[in-house]
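Just below is one structure, and these are the notes that go with it.
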Amino acid sequence: MRPITYTLSDASGGAKSQVIPIDYLARPQVSLQVDVTGTANWTIQQTLDDVFDPNVTPLYMDHPDSNMVAQTVDRQGNYGYTPFAVKFVLNSGNGSARITILQTGAVI
């Protein structure tokens, strides 16, 4: 699969987020990498709820690895299971953070 990459910047006025759907029919291994530029505090969350269903309000939970929650530095992490979607949240700061996601076996 090609990497999925999103950049969020300048959350000085409040949090910014990006919802990134994951191919739940592909293999469950999902790799995550976050690259910080400047001052930025970020968190990765996930949901098992269908983000495309207008009748569902997705429940997002923080990544189970504390190294992927409220961080200010570059990090790598992963999932051993496939969430339906990942939410990349820039909690604060006036810098930027870029997330890159790789999923084994996904066809995009």
Per DSSP, the loop-located chymotrypsin sites (Phe, Trp or Tyr not before Pro) within the stretch 4-108 having at most 12 other beta carbons within 10 Å are 52, 81
If the chain between residue 52 and residue 35 were fully extended at 0.36 nm per residue, the gain over the current Cα-Cα distance would be 3.3 nm
Taking every other residue with Cβ under 14 Å from the Cβ of residue 71 and scoring Lys and Arg +1, Asp and Glu -1, one gets -2
Rg/Rh over Cα atoms for the chain, Kirkwood Rh, comes to 0.96
Mean-square fluctuation maximum in Gaussian network of the chain, Cα pairs under 10 Å, restricted to 91, 41, 55, hits 55
Total charge of the residues flanking residue 39 in space, meaning their Cβ is under 15 Å from its Cβ, with Lys and Arg +1 and Asp and Glu -1, is -1
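Any read-out appearing in this document is the output of simple, stated calculations on the displayed coordinates, not a laboratory observation. The shown structure was predicted, so the numbers you read here are calculated from the model rather than taken from an experiment. Cβ: placed from backbone, ideal geometry, glycine included. Neighbour counts: every protein chain shown.
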